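One structure is given here, and the rest of the page talks about it.
The values are calculated or read from the model by the stated rules, or taken from the named source; none is laboratory data. The structure presented is a predicted model; accordingly, all values stated were derived computationally and were not measured. Please note: Cβ atoms are built from the backbone with ideal geometry, for glycine as well, and neighbour counts cover all protein chains shown.
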Amino acid sequence: MKDNRQHPFRDSHQDREAASHIPDTPQTRAPSYALAFADEDFMYREELRPVRLQLELLKPELLMDEANVNSTIVLFGGARIPEPAKKDTAKTQTLSELSKYYEEARRFARIMTEKSMKAGGADDVIVTGGGPGVMEAGNRGAAEAGGRSIGLNIVLPHEQAPNAYVTPELCFNFHYFGIRKMHFLMRASAVCIFPGGFGTLDEMFEALTLIQTGRMAQIPFLLFGRDFWEKIINWEALADAGTISAEDLKLFRFVETAEEAIAALDSWDGKGEKRGTIPGR
């Protein structure tokens, strides 16, 4: 990140460098003497959690602004869904059958990235969780189109790394799930949900809740794989019970292929209206 503002004060980089060359004395070795912003032990204190939350919100926001990312298309989906060429390694028959959605995510991301690049590349940039499975497919499709894509990774207890197709300068790592989910939606012009597990369900229902309650604009919201989604969620039962309204079932559409998804985006009611997402951004 570059700070091009002109001011008469020494900047923090200069002082951090100068502080690394100070005389070694009992006073300078004391933890209290370390510059606060360069003191990791201080930054990790429980009382500093609000600051860490703010930093995690601010860093990706600044970098995406500097990279001229204006809007995104969000791809949520299972990390365990293999690409078709590797479906024989799937742990279950269902995962093997769902491998077709890896290819649909890949083709959808490729086509949408090609469209984005023709319009300058600032809008409808593909964003995924940066991991394997459907996430890899989305970043891969964007890379195959010669474009860029975003990966919003998160630190997990087991060893992991971003997939190889995320644009490096748009690859982020998070500690807080809540801040990560905000970044998924803050620039969203559409949300696409592929089959997945707990994480995908969490992301899907949080986004739907924001739209249902008016906390987020009613943007295109697509669920890939009607059979999968109707098997695991009885949407009609929710409406019949009155826990949601029948109108809420119109917040999303089912699609099967990349082409169907693109047609749905092009025909979505309200297309072209201002696409504010989370109010107060």
For Arg80, which of the numbered conditions (1) among the basic types (Lys, Arg); (2) exposed (fewer than 15 other Cβ atoms within 10 Å of the Cβ); (3) under 18 Å from Phe224 (Cα atoms) fails to hold?
(2)
Answer yes or no: is there a residue in region 75-94 that is within 24 Å of Pro162 (Cα to Cα), polar (S, T, N, Q) and either under 32 Å from the mean Cα position of the chain (by Cα) or modelled with pLDDT under 90 (or both).
yes
Considering every residue within region 222-234, establish whether at least one is at negative phi and part of a loop (DSSP other than H, G, I, E, B).
yes
Restricting to helices (runs of 4 or more DSSP H) lying wholly in region 2-45: which have 2 or more residues that are under 22 Å from Lys59 (Cα atoms)?
12-19, 40-43
Going through region 97-128 in order, the residues found to be of a type in the set (D, E, K, R) and under 22 Å from Pro84 (Cα atoms) are Glu97, Lys100, Glu103, Glu104, Arg106, Arg107, Arg110
Sole exception among (1) farther than 25 Å from Ile262 by Cβ; (2) touching a residue at least 60 places away in the same chain (Cβ under 8 Å) for Ala217, by number
(1)
Does at least one position in region 133-146 carry a residue that is of a type in the set (Lys, Arg) and surrounded by fewer than 21 Cβ atoms within 10 Å (Cβ to Cβ)?
no
Would you point out which residue out of Phe172, Phe205 is in a helix (DSSP H, G or I) and either outside the structural domain of Arg52 (by TED's automatic domain parsing) or farther than 18 Å from Met112 by Cβ (or both)?
Phe205
Regarding region 248-269, can at least one residue be identified that is within 13 Å of the chain's Cα centre (by Cα), of a type in the set (A, V, I, L, M) and not in a helix (DSSP H, G or I)?
no
So which residues in region 53-70 are within 18 Å of Gly147 (Cβ to Cβ) and surrounded by 12 or more Cβ atoms within 10 Å (Cβ to Cβ)?
Leu63, Met64, Ala67, Val69, Asn70
In region 151-166, which residue that is of a type in the set (Gly, Ala, Ser) and surrounded by fewer than 18 Cβ atoms within 10 Å (Cβ to Cβ) is modelled with the lowest pLDDT?
Ala161
Matching option when the condition is surrounded by fewer than 21 Cβ atoms within 10 Å (Cβ to Cβ), out of contact with any His (no Cβ under 8 Å at 6 or more places or on another chain), at pLDDT 95 or above and over 30 Å from Pro50 (Cα atoms), among Glu206, Glu169, Glu230:
Glu230
Could you tell me whether Glu61 is closer than 27 Å to Pro220 by Cβ and assigned by TED's automatic domain parsing to the domain that holds Leu223?
no
